[in-house]
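Everything on this sheet refers to the single structure shown next.
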Amino acid sequence: MKVSIITVVYNGQRTIKDTIKSVLSQDYPDIEHIIIDGASTDRTVEIIQSYGDQIAKFISEPDRGIYDAMNKGISLATGEIIGILNSDDFYADRDIISTVVKQFQRTQTDSVFGDLVFVKSDDLNKVSRYYSSAKFHPKQFADGWMPAHPTFFVRRWAYERYGLFKIDYKIASDYELLTRFLAKYKLTYSYIPKVMVKMRMGGVSTTSLKSNWILNREIVRGCAENEISTNMIRVLSKYFTKVFQLVQRPV
């Protein structure tokens with residue numbers, strides 16, 4: 001069972017090497033790593049090219065944003081399973097992909113996801129927030145909750161049948177896509193009780209009040225487009241729960 005991992009990057013010379021190394025170190029043999037670069041102006045392209053044919057497919061060209069770049073990667077993927085690993089993120093252990101494949105084989109579900117931790121950019125071993133997907137249910141989309149997207153793996157046919165990321169979203173196209181897949185079209189899913197990905201703090205959806213406002217407006221929109229009733233007040237209430245993630249740690 002081939003697994004395609006898509007990484008989108010722009011001017012990521014500081015972090016892209018960690019991302020690539022975390023994929024190359026996986027103990028699963030059949031991985032296709034696809035990297036889509038948005039015409040970086042720093043050393044990103046040079047770093048990626050230094051890995052040669054260890055990177056299955058590599059494109060560097062202008063795009064219309066992160067979700068357009070993700071769609072390019074998906075269109076190039078030949079694996080039965082597709083996962084997306086951002087250029088600020090890396091897999092927590094070398095057995096993540098083999099664990100994902102075993103879960104697909106054991107459960108025969110359409111998708112798989114697990115847990116994620118946010119780490120300090122200057123200390124990758126220091127966990128600042130723990131994002132658990134353990135209690136996820138599709139009804140929680142109305143409350144602004146979704147499984148941790150960087151841990152989400154899905155069968156390639158889901159993109160072919162139900163569509164790609166909507167590029168007119170600025171921040172929350174991943175939220176809309178998971179809502180579409182898991183709530184509207186009711187793809188089956190299975191949870192892995194394991195920290196799968198480490199994410200550096202400071203991503204596009206966590207950097208300012210303005211970006212968080214855009215994020216939550218798009219969450220409400222994504223729910224509406226997939227026939228889920230919610231409102232901004234209900235979505236904003238999730239921040240009270242997030243306080244507990246600041247003190248929760250992996251077991």
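Values quoted throughout were computed directly from the atomic coordinates according to the rules given, and no laboratory measurement underlies them. Keep in mind it's a predicted model, so treat the numbers as computed, not measured. Neighbour counts run over all protein chains shown; Cβ positions are idealised from the backbone, glycine included.
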Ordering of 40-53, 141-154 by packing [mean C-beta count within 10 Å, highest first]: 141-154, 40-53
Ordering of 126-132, 56-62, 228-234, 172-178 by burial proxy (mean other Cβ atoms within 10 Å per residue, highest first): 172-178, 126-132, 56-62, 228-234
Fraction of the pair-distance distribution of the stretch 1-109 above 25 Å, Cα-Cα pairs, percent: 17
Greater than 22 Å apart at Cα, pairs in 72/126; 184/210; 57/102; 126/198; 135/186; 2/126: 72/126; 184/210; 57/102; 2/126
Net dipole in debye of the chain [+1 Lys, Arg Cβ; -1 Asp, Glu Cβ; about Cα centre; nearest 20]: 860
Beta bridges per DSSP with both ends in the chain, % antiparallel, nearest 5: 35
GNM top mover of 164, 24, 124 - the chain, alpha-carbon springs below 10 Å: 124
For residue 128, residues with placed amide H under 5 Å, excluding near neighbours: 118, 119, 120
Computed [θ] at 222 nm, helices only, for the chain once each DSSP H run of length n ≥ 4 contributes -39500 (n - 2.57): -9000 deg cm²/dmol
Extreme residue, positive dipole direction of the stretch 3-245, given options 108, 98, 131 (C-beta unit charges): 131
Calculated on alpha-carbon atoms, Rg and Dmax of the stretch 1-51 in Å: 11.3, 36
